[in-house]
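Asks: This is the structure, below, for whatever I ask next.
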Amino acid sequence: MYFLQASGNSYGLSNVLIFGTIGMFVMAITLVSVVVFHQRRVIKFNKQLQKMEEEKQQMLLKASINFQEEERQRIAADLHDDAGPLLATARLYLNENLIHQEPAIQLQSIFSAKQIIDDSIQLIRNISHSLMPPTLKNFGLESAMKDLFEKINGSGVINASTRFHDNRERLREDQELLVFRILQELVTNIIKHSCAGFIHLTQNVQGNFSYFRIHHDGKGILQEEFEKLNYDSGGLGLKNIESRIKVLKGNISFDIDSTQTYYKVTIEVPREPARN
Amino acid sequence: MVLNQPAILSSITLISNFSDLLPLVFFLLFKKNNNEKSLRVIFYYIIYCIINEAIGYYFYEIHFKNIFIVFAIYTVVEFSFFCLFYYYAMPSGGRIKKGVLLIWSLFFTFSCIDFFLINQMNAFDSITSGVECIFIILLCIYYLVVQLKGSNNLFVYSTSNFWIVITFLIYLSGTFFLYIMTENMIKDRAFQIQYLIINSSFNILKNVLLSIAMLMKETPPNEQAQKNKNWDDRLSYNLKN
């Protein structure tokens, strides 16, 4: 009897052992399979995201190259269409026959040539200023923006103002130029598309970041729309803004205030003070 | 443990014993110059397993009474090797490494108490083995969870550490019930046969999986990060010039 009981008990325990072992083994295999399959799915998703990011990068790079080409074409056109004819005309006034002319005509020709050369100098100066505003280089971003806004105010259509709260330390020269170009592009867009009555730019510093905020009362865009336009094939301006922000390692956000009246564009730029 | 084994059991035991050499050979062939500390730990663990087999055989033949000491020491040393491997394999972060040290200390204290006071060196350390299995299984699950959470784009099964972790997970899951029942059932003839079959089978599986771990390549650098950096550099160059 005792033997039977002992055997029965042993048989039951043996079952526990076999089923327990199989159960644990299956559980371990299942766990590993779940991890592997889940990770495969995550990697697949990440790869898709990377592909999209790569496409975006390519688009931005393309936009920056196109922008560069457009800028070159504009300078070439300015030089060819304006400076070229001016200098050619000056040359005409100063041709070889001038010495055979009467002194009064000679003086008149020299005066006209001088005037044309002055015009050419002014033209070349304008081209140079459009490439790198001298106010920005010499006096900083605040002065450059004030200059730009003065020109805008001169039209009488829109009221533009600026206030820099903390400009004791200037940004690095290349950073200033990039921020200036971004602000210039934003202001141009506001003038062109938003029908705004006023534009107000403020600057502030918080920790290691400089913040630039443009308010306007026109029809603006929100962050979602900005992202969408950025992915579209057209619209070079916004892509340039995005690529410049990327170079600055900063952020840009488009939103509207709580009263739904004013649109705001905020740029966050990590501060890298100018090297002396 | 079993005096008159059938031929098939002898074969399984023999294969199991010799299978310990398999990961060792693979390590020497493919990972000899590898400086990864986690792999080195596993290499020493394999050597220890081989030495333990020899010592176990000696005790089984000559000092059968003291064979439980070999088992108890094996449990502690195996856990120590796993903790050390885990310590090196886990990504940087002080908390988990301190946690591993704490778990090891707790386990060591517990196994000493079990061995000297509860078992008194004359029975199989079922409780300690069970606790070891639970700790290692939990640590393995945590490792897998960390791998899932990580944003690394490298397939998890292409790393040696993953295969080592699943080796321990499967081996200790498979032998968990076996070890916790050994203390009470060691004199049962049928159990002895089952013990040999299950232990040897999982030992062979462990060595095969460890060998696969030794075949895995080095971790490649994150290519995508480099690619993005190149894009950024080009953009920055275009906009500054």
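Asks: On the given criteria, is A:Ile191 over 25 Å from A:Arg168 (Cα atoms) and not acidic (Asp, Glu)?
Replies: Yes.
Asks: Does the range A:220-240 contain any residue that is crowded, with 21+ Cβ neighbours inside 10 Å, at pLDDT 90 or above and within 14 Å of another protein chain (Cβ to nearest Cβ)?
Replies: No, every residue in the range A:220-240 fails to be crowded, with 21+ Cβ neighbours inside 10 Å, at pLDDT 90 or above and within 14 Å of another protein chain (Cβ to nearest Cβ).
Asks: Being among the polar types (S, T, N, Q), modelled with pLDDT of 85 or more and closer than 27 Å to A:Lys246 by Cα narrows it down to one of A:Thr162, A:Thr89, so name that one.
Replies: Within the list A:Thr162, A:Thr89, the selection yields A:Thr162.
Asks: In the range B:83-136, what residues are more than 15 Å from the chain's Cα centre (by Cα) and among the aliphatic types (A, V, I, L, M)?
Replies: Step one: filter the range B:83-136 for residues more than 15 Å from the chain's Cα centre (by Cα), giving B:91-99, B:101-103, B:105-128.
If the condition is that a residue be more than 15 Å from the chain's Cα centre (by Cα) and among the aliphatic types (A, V, I, L, M), then B:Ile96, B:Leu101, B:Leu102, B:Ile103, B:Leu106, B:Ile113, B:Leu117, B:Ile118, B:Met121, B:Ala123, B:Ile127 are the ones that fit.
Asks: I've got another one for you. Is one or more of the residues making up the range B:158-172 within 19 Å of B:Asp114 (Cβ to Cβ), within 8 Å of chain A (Cβ to nearest Cβ) and under 17 Å from the mean Cα position of the chain (by Cα)?
Replies: no
Asks: Another question about this same structure. Got a number for residues in the range A:237-276 being closer than 22 Å to A:Glu53 by Cα and not β-branched (Val, Ile, Thr)?
Replies: Going through the range A:237-276 one residue at a time, the tally reaches 15.
Asks: Only residues that are over 16 Å from A:Ile22 (Cβ atoms) and in contact with a Phe, Trp or Tyr (Cβ under 7 Å, 6 or more places away or on another chain): list them for the range B:172-188, please.
Replies: B:Thr182, B:Glu183, B:Met185, B:Ile186 - these are the residues of the range B:172-188 that are over 16 Å from A:Ile22 (Cβ atoms) and in contact with a Phe, Trp or Tyr (Cβ under 7 Å, 6 or more places away or on another chain).
Asks: Does the range A:84-105 include one or more residues that are part of a helix (DSSP H, G or I), free of Cβ contacts under 8 Å to residues at least 40 places away in the same chain and within 14 Å of chain B (Cβ to nearest Cβ)?
Replies: Checked the range A:84-105: no residue is part of a helix (DSSP H, G or I), free of Cβ contacts under 8 Å to residues at least 40 places away in the same chain and within 14 Å of chain B (Cβ to nearest Cβ).
Asks: Hey, can you tell me all the residues within the range B:173-196 that are more than 9 Å from every other protein chain (Cβ to nearest Cβ) and within 12 Å of the chain's Cα centre (by Cα)?
Replies: None - no residue of the range B:173-196 is more than 9 Å from every other protein chain (Cβ to nearest Cβ) and within 12 Å of the chain's Cα centre (by Cα), so the list stays empty.
Asks: If you don't mind, another one. I need the full set of residues from the range A:228-267 which are within 15 Å of the chain's Cα centre (by Cα) and over 16 Å from A:Asn189 (Cβ atoms), in order please.
Replies: A:Tyr231, A:Lys246, A:Val247, A:Leu248, A:Lys249, A:Gly250, A:Asn251
Asks: Run A:Phe45 past the list (1) modelled with pLDDT under 85; (2) under 34 Å from the mean Cα position of the chain (by Cα); (3) under 30 Å from B:Phe168 (Cβ atoms); (4) hydrophobic (A, V, I, L, M, F, W, C) and report the number of the one that doesn't hold.
Replies: Condition (1) is where A:Phe45 drops out.
The values are calculated or read from the model by the stated rules, or taken from the named source; none is laboratory data. The structure displayed is predicted, hence computed values, not measured ones. Neighbour counts run over all protein chains shown; Cβ positions are idealised from the backbone, glycine included.
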